[in-house]
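Structure first, then comments.
Bear in mind that the values in this text are calculations on the coordinates, not laboratory data. Being a predicted model, the structure only gives us computed values, none of them experimental. A quick note on method: Cβ atoms are made from the backbone with ideal geometry, for glycine too, and the neighbour counts reach across all protein chains shown.
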Amino acid sequence: MDLALSDKYMQFLDEMDTVGRFADGKLLAGKLGSIGLMLFNHPAKHNAVTLDMWRAIASVLTDFERDRTVRVAVYAGEGGKAFASGADISEFEQHRVDSAPSEPYTRIVTEARTKLASFAKPSIACLQGYCLGGGLAIAMEADLRVASADAWLGVPAARLGIAYNAHSIRRLVSLVGPSHARLLLYTARRFSGQEAFEMGLVDLIAHDAVEETLKLARTIAENAPLSVLASKMAVQQALSATGSPECDVVEEFSRRCLVSADFREGRLAFLEKRNPTFTGN
């Protein structure tokens, strides 16, 4: 590959049979074993997300969902200086100057965020450097967030004269509570990785966020897929304002786990004092 990627991601991607290039190479996607990687590769602009990148996100995640070998997805930013610094502001004059041209832009971004929110497999965001605005919205849709100490997170909407969308604000409040959400939104301040960890916006702080993220992804991928998915859906249901339909789905997954081959494998592995090998069946 002739891509200017950091060493760990270069090694990870080089081991993959194929790497998908989207948005003129500004979004990369690949799979290695049970891990799918979606990499924002626009380091010249701190991985600012262009409209074409937003457009490609749903396609990448749909492919990960359909591939049974992929058990966990990792979202990351190339270059080490940013996960994603937000939407590409240089496109705003063309796409977001008033309500009429904003409609197609908003629709595409909403489709990407909807797919991120409904992604059916575990997901981890690896945060290095800047994670701002739309980049933070993407990271918040991941199930888990691992950040380096030099990460900076924030919502600059108040300094741009725009409003953060309602869905992302609900997600922010669910993670940090209303008081910290107000602090982030009203001040437009950037908070360090440690500060974000202390307010609940980040789940783990690591000296080497890339290595910690891949280690976490491998740990999740080694567990029983049905059990992990049941847990993911149960947490989503617990956070949902609606009730019974989601409860029914969670109960159905619980029943499926009890009659699964993986449940039998887990019991046998425990009794035989060995590591289980789960198949997702």
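Counted by neighbouring Cβ atoms within 10 Å, the residues 145, 274 run from fewest to most as 274, 145. Sequentially through the range 20-34, phi angles give Karplus couplings (6.51, -1.76, 1.60; θ = phi - 60°) of x, 10, 10, 6, 6, x, 7, 10, 10, 9, x, 9, 9, x, 9 Hz, Gly and Pro residues having no value and appearing as x. Residue ranges 155-168, 77-90 sort as 77-90, 155-168 when ordered by packing (mean number of other C-beta atoms within 10 Å per residue, highest first). For residue 82, the residues 5 or more places off, or on other chains, whose built amide H falls under 5 Å of its own are 130. Listing 272, 111 from fewest to most neighbouring C-beta atoms within 10 Å gives 272, 111. What separates the Cα centres of the range 17-90 and the range 136-204 is a distance of 20 Å.
Shape class of the range 125-281 from the Cα gyration tensor (axes a ≥ b ≥ c, square roots of the eigenvalues): oblate, since a/c reaches 1.5 or more and a/b does not exceed b/c.
Principal-axis analysis of the Cα atoms of the chain puts helix 209-222 at an angle of about 30° to the longest axis.
A simple count of charges around residue 169, restricted to other residues whose Cβ falls under 14 Å of its Cβ and scoring Lys, Arg +1 and Asp, Glu -1, yields +3.
Under the simplified labelling scheme, the residue 215-residue 117 pair shows an inter-label distance of 3.4 nm, with each label point 7 Å from Cα along Cα→Cβ. Please give the helix 225-239 orientation as an angle from the longest Cα principal axis of the chain, in degrees from 0 to 90, rounded to the nearest 10. Rounded to the nearest ten degrees, it is 50.
For residue 35, the residues 5 or more places off, or on other chains, whose built amide H falls under 5 Å of its own are 71. From the cross-link list 45/232; 81/121; 26/81; 232/273, which pairs have alpha carbons spaced over 23 Å apart? Where the Cα-Cα span goes over 23 Å, the pairs concerned are 45/232; 81/121; 232/273. Sorting 45, 26, 273 from the fewest to the most surrounding beta carbons within 10 angstrom yields 273, 45, 26. Taken over the chain, the convex hull of the Cα atoms encloses 138 Å³ per residue. Axis angle, to the nearest 10 degrees, between helix 51-66 and the longest C-alpha principal axis of the chain: 0 degrees.
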